[in-house]
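Structure first, commentary second.
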């Protein structure tokens with residue numbers, strides 16, 4: 001049986017859609033949050049400069065933090081958020097928190113509404129969303145401690161305590177939420193990957209089964225059909241007709257092997273293929289009416305071999321019968337009609353182990369998206385109609 005190549009199963013970004021969406025969301029949101037906080041915080045910080053705030057320190061500090069926010073946002077949106085951005089954000093915010101006594105006016109520090117308090121909360125949340133918990137939680141604790149020290153040094157112990165508690169809650173909530181989301185998303189992606197793997201394996205198995213069925217059809221319609229005719233006495237041997245049929249079978253098998261070893265390209269004339277089928281059965285009286293028709297190579301092969309299988313059945317099971325073969329196009333559908341005046345049969349009474357009509361005709365047509373209709377009854381001959389939707 002021809003080998004069936006397994007599809008590539010190496011992971012791709014599409015193998016983890018939930019993880020990809022998570023990474024996208026938790027890159028853009030922190031970037032936009034940092035940009036907004038940095039720009040708004042700069043305006044608020046420079047608007048209140050009452051002592052002990054020192055403008056000589058405030059202005060450079062605000063400029064540096066604003067430049068960092070811009071760099072953080074642009075870098076995150078373009079390349080994602082890596083360890084350097086996370087570490088830099090934590091270090092810059094920690095330094096700002098420790099410098100609260102000279103950067104924040106005393107009258108705006110209480111109430112957890114100062115620009116430094118907002119900066120600290122933003123950094124805590126961003127860190128939990130963009131770094132593993134083993135690093136983000138210690139970073140949140142460091143920021144909390146730095147804010148508490150800075151606010152206490154500025155003479156506001158109540159603010160130090162209250163916002164430190166807020167930062168701890170934000171650290172815990174953001175870390176827990178992110179961990180749960182990562183775990184659930186990981187499970188969803190694992191289930192998706194497992195489904196994709198099963199789908200690929202099923203596709204490989206289906207291709208292998210179809211290749212085996214195709215090989216069985218080809219053997220049934222050539223060598224086995226000829227041997228059956230000899231065994232039933234329908235063809236005397238050795239004889240010229242037998243040699244002619246064997247040579248035709250050999251050519252057909254060689255042509256099938258060549259067709260499988262090369263990729264199909266373009267359309268081929270189906271009417272010529274059907275004339276070649278007619279020539280493979282020189283002893284069967286067949287009248288033909290074949291309209292010019294071009295179809296893709298795989299379709300032409302399936303239609304021609306289905307026709308050959310049907311005509312071979314006439315030669316095998318209805319010696320002395322005559323047949324008609326007609327090719328036409330109705331709208332966009334290619335139609336092949338075969339009729340014989342043989343004894344006919346009951347299609348419902350064909351044993352399940354009989355291969356001819358089930359696989360060599362109906363099976364082949366199903367592989368190209370077509371269908372086969374078989375109309376026969378004892379004493380009334382047989383009519384077969386092959387249809388393929390998609391004729392040029």
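The values are calculated or read from the model by the stated rules, or taken from the named source; none is laboratory data. All of these numbers come straight from a predicted model, not from anything done at the bench. Every residue, glycine as well, gets a Cβ built from its backbone with ideal geometry; the counts of neighbours run over all protein chains shown.
Can you go through 326, 278 and tell me which one is in a strand (DSSP E or B), touching a strand residue (DSSP E or B) at 6+ places or on another chain (Cβ under 8 Å) and assigned by TED's automatic domain parsing to the domain that holds residue 350?
Values: 278 fails: in a strand (DSSP E or B).
On inspection, the qualifying residue turns out to be 326.
Table: residues versus (1) buried (at least 21 other Cβ atoms within 10 Å of the Cβ); (2) in contact (Cβ under 8 Å) with a residue 60 or more places away in the chain; (3) within 20 Å of residue 49 (Cα to Cα).
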{"residue": "85", "(1), (2), (3)": "yes, no, no"}
{"residue": "92", "(1), (2), (3)": "no, no, no"}
{"residue": "96", "(1), (2), (3)": "yes, no, yes"}
{"residue": "106", "(1), (2), (3)": "no, no, yes"}
Scan (1) over 33 Å from the mean Cα position of the chain (by Cα); (2) touching a residue at least 40 places away in the same chain (Cβ under 8 Å) for the single condition residue 376 breaks and write down its number. (2)
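Results for (1) exposed (fewer than 15 other Cβ atoms within 10 Å of the Cβ); (2) touching a residue at least 12 places away in the same chain (Cβ under 8 Å); (3) closer than 19 Å to residue 267 by Cα, shown as yes or no for each residue.
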residue	(1), (2), (3)
296	no, yes, yes
310	no, yes, no
319	no, yes, no
324	no, yes, no
327	no, yes, yes
339	no, yes, no
361	no, yes, no
368	no, yes, yes
390	yes, yes, yes
Within segment 55-83, residues loosely packed, with under 14 Cβ neighbours inside 10 Å and in contact with a helix residue (DSSP H, G or I) (Cβ under 6 Å, 6 or more places away or on another chain) come out as 57
Which pairs do you get when a residue that is within 18 Å of residue 154 (Cα to Cα), found in segment 49-67, comes within reach of a residue that is part of a loop (DSSP other than H, G, I, E, B), reach meaning Cβ atoms under 8 angstrom, with the pair 6+ apart or on two chains? 49/105; 50/105; 53/104; 53/105; 55/49; 57/99; 58/49; 61/99
I'd like the residue in segment 6-50 that is modelled with pLDDT of 70 or more and in a loop (DSSP other than H, G, I, E, B) and, out of all such residues, is surrounded by the most Cβ atoms within 10 Å (Cβ to Cβ). 48
